[in-house]
1. Kindly list the number of the only condition in (1) modelled with pLDDT under 95; (2) open to solvent by 50 Å² or more (accessible area, probe 1.4 Å) that fails for Y140.
2. Could you list, in sequence order, the residues of region 46-79 that are open to solvent by 40 Å² or more (accessible area, probe 1.4 Å) and among the charged types (D, E, K, R)?
3. Any residue that is buried (at least 20 other Cβ atoms within 10 Å of the Cβ) and part of a helix (DSSP H, G or I) - is there at least one of those in region 149-169?
4. What is the number of the single condition among (1) in a helix (DSSP H, G or I); (2) open to solvent by less than 40 Å² (accessible area, probe 1.4 Å); (3) farther than 20 Å from R22 by Cβ that T43 does not meet?
5. Check A224 against each of (1) among the aliphatic types (A, V, I, L, M); (2) touching a helix residue (DSSP H, G or I) at 6+ places or on another chain (Cβ under 8 Å); (3) at pLDDT below 85 and name the one condition it does not meet.
6. Pick from K37, K10: which is modelled with pLDDT of 95 or more, surrounded by fewer than 18 Cβ atoms within 10 Å (Cβ to Cβ) and not in a helix (DSSP H, G or I)?
7. Show the residue pairs that are 6+ apart or on different chains and have beta-carbon atoms under 9 Å apart, the first residue being within region 72-94 and free of Cβ contacts under 8 Å to residues at least 12 places away in the same chain, the second being surrounded by 16 or more Cβ atoms within 10 Å (Cβ to Cβ) and not in a helix (DSSP H, G or I).
8. Go through region 80-112 and report how many residues are under 14 Å from E31 (Cα atoms) and open to solvent by less than 40 Å² (accessible area, probe 1.4 Å).
Amino acid sequence: MSSECTSPAKVPTSEAEDRTLRRKTCRFIQEAGRVLKLGRVATATAMVFFHRFFSHHKFSEHDRFEVAVACVLLAAKTEETPRKLPHVIQECNRLKNPTNAIMDTKSDEYIQQKERILLLERVVLHTINFDLSIEHPDTYVFDTVLKMGKSRQVEYEPSAETSGKDRSKLQQVLMQNSINFVNDSMCTHLCLKYSAKDIAMACIYLGGKFTKIRPVNDVTWMDALGISLETLVGITEQIMELITESKGSKSSLITGYNDIKGDLNLLKATKGKHELSDERRDPKRQRI
């Protein structure tokens, strides 16, 4: 596919490098989905297949880009948007090497690559135990934000610079930012640890914090979204870690990240006080 793809597989030496390989390959899958016009669902399904595959296999055992192509091919079939294998291979090759000429489909190089990808598609299927039913966070984000917007459950924070902001578009702003964080989450292996609903709720929280939107009547985001502190912290920290590593310290998101860290620390401290208060009222109560 390219010099990077045909060379020996890169072996991650740390968790940070593992995250980097996943992030870069998932960006490749996202771009492949765009070029192949697969749509959000099929592209997201391909990334879930990729994460599942490498939760059972080492990066040193397989070419991650060819695995990604196999996942794209399988996801397109799964989501009823099938694409012909030669088209998938040629477009993915073009993504990796834009200046290279189109491969001759009768060449040994092409035939061997085609056979490897078809084999990998079967290996992926066996690795995920033929479980092709994938639930994505998008639906939960759409439904939850629409519900909160229609029932006026959210508002801009007093500290937000709302002059010039169209409050009628508040719902749209929250939706777009939440979906942006969903897109980022797909480049991590959060889908292996948390449900699609929990990921969606954490992304709405992030979307709200970055746009200075909050639930009304002093309701916390945790209560509004029905998500536990532990789950919220676990998902949020991984997404923000990815953004920090991929976009650098100069990103405007980093300032928002620091604000969110402060908010999460405050939530942790508040929970700790409540637990201590409960223990004092009931000394026999075991602290979890």
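1. Among (1) modelled with pLDDT under 95; (2) open to solvent by 50 Å² or more (accessible area, probe 1.4 Å), the lone unmet condition for Y140 is (1).
2. R52, K58, E61, K77, E79
3. For region 149-169, residues buried (at least 20 other Cβ atoms within 10 Å of the Cβ) and part of a helix (DSSP H, G or I): absent.
4. Result: T43 fails condition (3) only.
5. Condition (3) is where A224 drops out.
6. Residue meeting the stated conditions: K37.
7. K77/R83
8. Count: 7.
The values are calculated or read from the model by the stated rules, or taken from the named source; none is laboratory data. Computed from a predicted model, the values in this text were never measured in an experiment. As a convention, Cβ positions derive from the backbone with ideal geometry for all residues, glycine included, and neighbour counts pool all protein chains shown. Ligands, DNA and RNA are excluded from the accessible area calculation, which covers all protein heavy atoms including side chains. Shrake-Rupley method; radii C 1.70, N 1.55, O 1.52, S 1.80 Å.
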